[in-house]
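Take a look at the structure set out below.
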Amino acid sequence: MSRFALSRYSRYYLSRVKPLYYLNKPFVVPSFFSSSVASNRNGDFQAGPPPIRVGLTESAGRAVFATRRIGCGDLIHTAKPVLACPSLVSLDSVCYLCLKKLMGSAKLQDREVSYCSQECQENAKGFYDVETRADWSSFVDYCRTHNFKYPLMVKRLCCMIISGALPADCLEILQPAALSSEMISKIEDGYGFLWNAFRKANFKDEDVAFLTKQWYTALLARIRINAFRIDLVGGSCGEDLLSLAAASVEGEGAVGHAVYMLPSFYNHDCDPNAHILWLQNADARLMTLRDVEEGEELRICYIDASMGYEARQTLLSQGFGFCCNCLRCQSGD
């Protein structure tokens, strides 16, 4: 299998919206969003921060660079999602918080959802208690009818904001997608269903003051190009990560979607030197696909890298709003 195919399902989001005064400041990722774990291909973990730094480029905004040589197959760092949500078809088969697949009786039931552990159940209690106060049937029917997945993520984020778990502006750093008038119209329909659910549940005005049509539309515009599709490949951190990357291409393990913080700074390349994958749950792992030298930019592929040149350019332009000028595209491959 070529290394192009290894990135088949990598979904990535751009991050070029903050002004330069922000970019020039040291960037610190909250521990909840990213752990400081790195390892070599043999699975030997190294303490301390990951071997990367976030810098500014002239053509692509923020970018991630190696602070030392990183070997092929090394785990660069892990990242916890800011926001993760199971798909409608996976609700009965994955943990409602971390998206881990549930096996047989090894799950904890809480009202209409299940968790993989007591820890996940406790961590989800705040937003799930908020969620269960409202009737979401009309909103879910709207999502199911139109095959929309991202409004479900907005609903979860709203409940997290009301519970105090996250601030309303937690995703404003992300680049938004350009939305057509037709898409905006559909988005506004979803906003109505969401707002009515909270209104009928008698939430206080101050609890949902953030939930304006403008906020809802802007948030969906960001999630649309910044959400990763979570494809679980199983395995453990001691396994060969390159083999697991190949498994993520061969398998169809999508269980939901998630948005991350630190991985948002990785730029795109159709011949990437890094890859993102998920083993057991929505915790992301960034790994190298080949040797990376100190100072070299780390890049992943946002799309199916095995596609031809024209197909890649069309998808990147329509889905992410840019024309790729990587070395592979310059060669016309």
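From the list 162, 173, 76, the one residue that fits, being in a strand (DSSP E or B) and among the aliphatic types (A, V, I, L, M), is 76.
For region 79-126, give me the residue count where each residue is assigned to a loop (DSSP other than H, G, I, E, B) and among the acidic types (Asp, Glu).
Of region 79-126, the ones assigned to a loop (DSSP other than H, G, I, E, B) are 80-82, 87, 91-93, 95-100, 102-107, 111-112, 116-117.
Applying the additional criterion that residues be among the acidic types (Asp, Glu) yields 92, 112.
Qualifying residue count, region 79-126: 2.
Only one entry of 329, 301, 270 meets the criterion of being in contact with a helix residue (DSSP H, G or I) (Cβ under 8 Å, 6 or more places away or on another chain), free of Cβ contacts under 8 Å to residues at least 60 places away in the same chain and of a type outside the set (S, T, N, Q), and that entry is 329. Yes or no: region 279-290 includes at least one residue that is over 19 Å from the mean Cα position of the chain (by Cα) and open to solvent by 10 Å² or more (accessible area, probe 1.4 Å). Yes, region 279-290 contains at least one residue that is over 19 Å from the mean Cα position of the chain (by Cα) and open to solvent by 10 Å² or more (accessible area, probe 1.4 Å).
Filtered by the rule that a residue be within 15 Å of residue 152 (Cβ to Cβ), surrounded by fewer than 17 Cβ atoms within 10 Å (Cβ to Cβ) and small (Gly, Ala, Ser), region 88-133 gives no residues.
Screening residue 87 with (1) at pLDDT below 90; (2) among the polar types (S, T, N, Q); (3) within 22 Å of residue 224 (Cα to Cα) gives one miss only, at (1). Of everything in region 139-161 that is without any contact (Cβ under 8 Å) to a residue 24 or more places away in the chain and either under 25 Å from residue 321 (Cα atoms) or among the hydroxyl-bearing types (Ser, Thr, Tyr) (or both), the residue that is least open to solvent (accessible area, probe 1.4 Å) is 145. Pairs meeting the criteria (first residue in region 162-191 and farther than 30 Å from residue 63 by Cβ and open to solvent by 50 Å² or more (accessible area, probe 1.4 Å), second residue at pLDDT 85 or above and not in a helix (DSSP H, G or I), beta carbons under 9 Å, at least 6 apart or on different chains) are 186/148. Considering region 197-214, the residues that are part of a helix (DSSP H, G or I) and either in contact with a Cys (Cβ under 9 Å, 6 or more places away or on another chain) or farther than 18 Å from residue 148 by Cα (or both) include one that is least open to solvent (accessible area, probe 1.4 Å), namely 198. Only a single criterion out of (1) without any contact (Cβ under 8 Å) to a residue 60 or more places away in the chain; (2) within 16 Å of the chain's Cα centre (by Cα) is not satisfied by residue 275, namely (1).
Does residue 67 count as hydroxyl-bearing (Ser, Thr, Tyr), within 12 Å of residue 298 (Cα to Cα) and at pLDDT 70 or above? Please lay out each step first, then the result.
Details: hydroxyl-bearing (Ser, Thr, Tyr): yes; within 12 Å of residue 298 (Cα to Cα): yes; at pLDDT 70 or above: yes.
Spelling it out, residue 67 is indeed hydroxyl-bearing (Ser, Thr, Tyr), within 12 Å of residue 298 (Cα to Cα) and at pLDDT 70 or above.
Scan region 297-321 residue by residue and report those that are assigned to a helix (DSSP H, G or I), open to solvent by less than 10 Å² (accessible area, probe 1.4 Å) and farther than 10 Å from residue 268 by Cα.
So in region 297-321, the residues assigned to a helix (DSSP H, G or I) come out as 309-320.
If we keep only those that are open to solvent by less than 10 Å² (accessible area, probe 1.4 Å) as well, we get 312, 316.
The one that is assigned to a helix (DSSP H, G or I), open to solvent by less than 10 Å² (accessible area, probe 1.4 Å) and farther than 10 Å from residue 268 by Cα: 312.
The values are calculated or read from the model by the stated rules, or taken from the named source; none is laboratory data. The shown structure was predicted, so the numbers you read here are calculated from the model rather than taken from an experiment. Virtual Cβ from ideal backbone geometry, glycine too; neighbours counted across all protein chains shown. Note: accessible area is taken over every heavy atom of the protein model, side chains too, but ligands, DNA and RNA are not part of it. Shrake-Rupley method; radii C 1.70, N 1.55, O 1.52, S 1.80 Å.
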